[in-house]
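Only one structure is covered here, and it is reproduced in the block below.
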Amino acid sequence: MSPAMRQERRLKRLGQSELDGILKRHALYRKGRLGGARAVLSFFDLGWLDFHGSDLTDADLTGAVLVRARLDRAMLNHASLFAADLTGASLNGANLVKSDIRGACLRGASLIEATLTDADMRESALAERGEFDRDLHWLDVGSVPSELQQADFSGANLSRARCSGAVCVNANFSDAILTDTEFVRCNLRGANFSGANLHGADLSWSRMENVNLRNALLSGVTLRLTELSGADTRGALTDRPAARALEELGSPLNALLVQHTDWIESASAAGCRLDIGGYDMRVAGDLGRVDMTAVLAAGTIWCGLDLSGARFAAGRLIDSDFRFAVLRDADMRGADLRQARLRSACLAGADLRPLVLGEGRMLRTRLSGCDMRYADLTGAKLRDADLRDADLSNAKLDGADLRGADLAGAALPDNLTVVARTSRTD
C-alpha cells in the first residue's frame, strides 16, 4: 500500500492490547464459542505489532499495514492479505495455505520455513465503492505486481503457489519446495534458488538473469522464452540422467527387485542381490514399500521419489542423494548412510535404530557427515544412531527419539534441548 493511499484512507492505528482482544475473539470464533467474532482488520495500521503464534485462519487483513510486524508461526490459512504491506515483516514458520496475497508487498520480509502451498501471490489491483455512488473506484496500491524483492523464503513450501507477474528481484528461495509453482512473467533477477525443488514449476517469460540455480532440482520445469543469461546451474538436476541410466541395468528394475526378494528370503541361497550403485533412480516411479533390504546403492540418486515404507535395512547407501525424497515410515535400521544428502527429505516416523542381528550383535545406523538440513524427522527413531558431524540445521525433530545417539560435532537446531542430545536413559 502506498503512502498516498494510507493518507487518503486515514488508517486507524491499533495498539497491542486492542489487537490482543481481537485475536482472542477470533480464537473463540474459530472454536464456535459464544463471544467470538471474525478478525476483520482490513485497512488498519498494524505495523510492529506482535501476532506470534496466533490463529488468524480466514481473517481479513485486506490492505492492512503490517510493516515489521511479528507473525512467526501464525496460522493465516485462507486469510486475505490482499494488497497488504508486509515490508520487513517476520513470518518464519507461518502457515499461509491458500491465502490471498495478491498485490501484497513482502519486500525484505522473512518467511523462512513458512508454508504457502496453493497461495495466490499474483499481480492484482484493488477497488472499492464510492462514498456517494455505487461505482467501483481503483485504489492506489503502489506497484500492481506482488512485491517480493529481497524476501527470504529459504526452506519454505510454495508448492502450487501462483506468483505470476511478481517482482522477486534478489529474493531467497534456497532449499524451498517450489513444485508446480507458477512463476510466469516474473522478474526473478538475482534470485537464489540453490538447492530448491522446482519440479514442474512454470517459469515461462520470466527474467532470470544471474539467478543461482546451483544444486536445484529442475526436472519437468517449463522455460518458454525465459531469460537465463548468467544463471549458475552447476550441480542442478534436470530431466537428463545425472548418473547411470536405468537402461544400463541390463534387466528391468521390477525383475531385479523380484530376484532381490528371492535373495533375501533364501538367505542368499537363491536370487541375486540388488546392486544399483551410481544409478539415477528418478524415473523409477513409485517405490513405496519396496523391499530393498541390504541393497547396494552407494552414490545413487533418489531425489524427489516416494519411498514411503520402503525397507533399506542394512543397505549400503553411502553418498546417496535423497533430497526432497519421501521416506516416511521407512525401515532404515543398520543402513550405512554416511555422507548422504538428505536435505529437505521427509523421514517422519522412519526407523533408524540399530538392526538386531542376534546373539547380542547389532548393526548401528550410520549417518555421519549427512546433510539433513530442513529434513522432517518428526517421530523418527534415531536411538543409538551415529550422527557425528551431521548437519541437522533447521531439521524438524518433534517427537524424535535421540537417546544414545552420537551427536559429536553435529550441527543441531536451536530448539533441540540438552536432554534430547545426551540422554541415554529409558
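No value in this document is a laboratory result; all are computed from the given coordinates. In this text, all values refer to a predicted model and were calculated from it rather than measured experimentally. Cβ sites come from the backbone with ideal geometry, for glycine too, and all protein chains shown count toward neighbours.
Where in the chain is the longest stretch that carries no GluC sites (Glu not before Pro) classed as loop by DSSP and with at most 11 other Cβ atoms within 10 Å? The reported range is 132-358. About its Cα centre, the dipole of the chain is roughly 680 debye, where the only charges are +1 on Lys and Arg Cβ and -1 on Asp and Glu Cβ. Counting only alpha carbon atoms, the long axis of helix 253-265 and the longest principal axis of the chain meet at about 60°. Plainly put, segment 275-407 has a radius of gyration that is 0.93 times its Kirkwood radius, both from alpha-carbon atoms, as the Rg/Rh ratio.
With K and R counted +1 and D and E -1, the other residues having a Cβ less than 13 Å from that of Ala242 yield a net charge of +3.
I want to check the label-to-label distance for Arg38 and Asp306. Put each point 7 Å from Cα in the C-beta direction and report it in nm to one decimal. Spacing of the two 7 Å Cα→Cβ label points: 3.5 nm.
Report the local net charge at Ala59: Lys and Arg +1, Asp and Glu -1, summed over other residues whose C-beta lies under 10 Å from its C-beta. Counting the neighbours of Ala59, the net charge comes to -1. Counting beta carbons within 10 Å around each of His52, His260 and listing the fewest first gives the order His52, His260. Cβ crowding within 10 Å, taken as a proxy for footprinting-reagent exposure, orders Lys12, Lys396 from fewest neighbours to most as Lys12, Lys396.
Label zone (Asn210, point 7 Å along Cα-to-C-beta; backbone nitrogen cut-off 14 Å) within segment 226-266: 228-232.
The angle between the Cα long axis of helix 16-30 and the main principal axis of the chain comes to about 60°, on a 0 to 90 degree scale. Around the amide H of Ala314, modelled in the peptide plane, lie the amide H atoms of Ala294, Arg333, Gly334, Ala335, all under 5 Å away and 5 or more residues distant in sequence or on another chain. Comparing Cα centroids, segment 34-89 and segment 301-329 end up 39 angstrom apart. By the gyration tensor of its Cα atoms, with a ≥ b ≥ c the square roots of the eigenvalues, what is the shape of segment 334-380: rounded for a/c under 1.5, prolate for a/b over b/c, or oblate? The shape class here is oblate. For the chain, the normalised intensity computed at q = 0.07, 0.10, 0.11 Å⁻¹ comes to -0.41, -0.77, -0.89 (log10 of I(q)/I(0), Debye sum over alpha carbons, equal scatterers, no solvent). The alpha carbons of segment 22-83 stretch over 32, 20, 18 Å along the principal axes, in descending order.
The local environment of Asp175, defined by Cβ-Cβ distances under 15 Å, has a net charge of 0 under the rule Lys, Arg +1 and Asp, Glu -1.
Taking the number of Cβ atoms within 10 Å of each Cβ as an exposure proxy, the fewest-first ranking of Leu41, Leu352 is Leu41, Leu352.
Which one of Leu203, Gly399, Leu249 has its Cα pushed farthest toward the positive end of the charge dipole of the chain, where Lys and Arg give +1 and Asp and Glu give -1 at the Cβ? Value: Gly399. Name the lysines eligible as straight-distance cross-link partners of Lys381: C-alpha to C-alpha under 26 Å, and not fewer than 8 places from it in the same chain. Counting by Cα, and skipping residues close in sequence, Lys381 has these lysines nearby: Lys396.
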